[in-house]
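All remarks here apply to the structure that follows.
All of the numbers you see were taken from the coordinates with simple rules; none came from a lab. None of the values given here were measured: they were computed from a predicted structure. Neighbour counts are summed over all protein chains in view; Cβ atoms, including those assigned to glycine, are modelled from backbone coordinates with ideal geometry.
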Amino acid sequence: MSDKVQVIYECEDSMRLDKFLAGLNIQELYSRTFIEHLIEEDRIVVNKIPVKKSYLLKKGDEIEISIPELPPTEIVPQNIPLEVVYEDEDLAIINKVAGMIVHPGYGIADHTLVNAMVYRWGNQLSSGRDINRPGIVHRLDRGTSGLMIIAKNDPTQSALCEMLSRREIKKTYIAITCGIPHPSEGIIDTNISRSISNPRKMCVSQQGRRAITRYKVIQYYNFFSLVKIGLETGRMHQIRVHFAHLKNPILGDLLYNSHKQVKTLVPENMKHKVSELLTEHLLRQALHSWRLEFTHPISGKHLDIKAEPPEDFQYTFNWLEQYFSLDAKVKDLRTILEENEEW
C-alpha cells in the first residue's frame, strides 16, 4: 500500500523533474537519492507515463508520486522531557511542546514525541494500528502546542478511536488570527484535500473529506483576534486551512500566510513590531490545544483537562494587549479563558 500525491507543474519555465521535487520540501521525499530511487521504480510518473529524472517539466504537467509505505522501524527510547497532566493505567494526557514532531516518518527517525513516550512508558503503550506510532490516538502539527491523549493498551486505543469518530471527545483550541473572522461566531463546514499545487499544504476543495470547525472570537484587537475553536472532525491542518479560507489565517503560520501578508494589516509605524514578533518570539503558528473533555472509555470517569498556553503564546497575547488593544484596560489571558469556558 502506498500514499499517492498529485502535483500540477504551474511554472512557465521548464525545470528538471528531480530538481523540482527536491525543492518542494515534502517530508516523505527526504533526499534527492530517495527521489531518484522512486523515479527509477516508476513510482513517480508524469502525465501517467514513466520518465527519467532529467525530464524537463512543462506548465500543466501532472506529476503523480506513489510514496511506499514506511517500513517498520525500531523506536529508539530517548530521554526527552514530557509534561504529563493526567495519567492512569489505561491512558495519559500530555501537554506537547511546539516544535516537537509526533512520530517518526521518512527522514525523521528520532527526537519525536513517540521516542519520548517509549522512553517513559516502554511497552506500556498500545501497539497501535501502525508499528511506528505506539500509543498515538490523534496528532498535533509540529508547530501546535497543547493536549494530546496517549493510549496505554489496545482496548483503550480502539475505544478512543471510536469515540473520536463519533465526535465524543470534545477538543477545544485557542488561536490568534490575522484580522477578525466574520461572523464573530460560527461553523466552517467544507471538504479538505491535499493541494495539487503544493503537496505540503491542504486546501478547501469540492472533493476531499468533510471538515467541520466551530469558532468564537473571545477577544478583539485592532487587526487581530483571539479565537476559541472546537473541532468536530480531525483533518490534517484543519484549523489552519479553515481560517486561511476565511481570509483570517493563524498568526505565525508561514505555510498558509507570510510575514509580508501580516505586515500589510498594520500601519507603517507598526510593521517593525510585527517583524520582531515573528522572527524573535513567535516562531510557529499561534495555535494551542487548550482543553479536552470526554468520558474515560474504561473507567467511565468524566475528564475535563486544560493546559495553559506556553510562553510564546502568552508573549504574543501580551504583545497584542500592548500595541493593538481596543481599550485601556489590560486583560489577562487566563481570565479571558475562564470567562469563555462554555460556548
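Of the listed values [x] 58, 46, 36; [y] 71, 45, 36; [z] 63, 55, 37, identify the label whose number matches Cα extents along the principal axes in Å calculated from this model. Among [x] 58, 46, 36; [y] 71, 45, 36; [z] 63, 55, 37, the one calculated here is [z].
Estimate the FRET efficiency between W343 and R210 by the formula 1/(1 + (r/R0)^6), using the beta-carbon distance for r and 22 Å for R0, to the nearest 0.05. Don't skip to the end; give the middle numbers.
Numbers: r = 21 Å, r/R0 = 0.94.
Once rounded, the FRET efficiency stands at 0.60.
The residues Y215, Y315, when put in order of fewest to most other Cβ atoms within 10 Å, stand as Y315, Y215.
Within the same chain, lysines fewer than 8 places from K271 are excluded, and of the rest, those with a Cα less than 30 Å from its Cα are K201, K216, K228, K247, K260, K263, K329, K331. Look at where the Cα atoms of region 138-190 and of region 78-98 average out, and the two centres are 17 Å apart. Distance between the modelled labels on K271 and E41, one decimal in nanometres: 4.8 nm (7 Å Cα→Cβ projection). Using a simple spin-label model with pseudo-atoms 7 Å out from Cα toward Cβ, K329 and Y220 lie 1.5 nm apart.
Ordering of 178-186, 229-237, 329-337 by packing is 229-237, 178-186, 329-337, highest average first (other Cβ atoms within 10 Å, averaged per residue).
For the chain, the 222 nm mean residue ellipticity estimated from helices alone, with every DSSP H stretch of n ≥ 4 adding -39500 (n - 2.57) and the total spread over all residues, rounds to -6500 deg cm²/dmol.
With a Cα cut-off of under 15 Å and a minimum spacing of 8 residues unless on different chains, the lysine pairs in region 1-157 number 5.
Spin-label pair V76-I8: with each label point 7 Å from Cα along the Cα-Cβ axis, the two points sit 4.2 nm from one another. As a proxy for reagent exposure, ranking W343, W290, W121 by other Cβ atoms within 10 Å from fewest up yields W343, W121, W290.
Nearest 0.05, what FRET efficiency do E321 and S158 give at R0 = 41 Å with Cβ-Cβ as r?
Efficiency computed from Cβ-Cβ geometry: 0.35.
With a/c under 1.5 counting as rounded, go ahead and sort region 171-339 into rounded, prolate or oblate using the C-alpha gyration tensor (a ≥ b ≥ c being the square roots of the eigenvalues; past the cut-off, prolate if a/b is larger than b/c, else oblate). Display every interim value, and only then the final one.
Working: a/c = 1.90, a/b = 1.17, b/c = 1.63.
Oblate is the answer for region 171-339, as a/c is 1.5 or above yet b/c matches or exceeds a/b.
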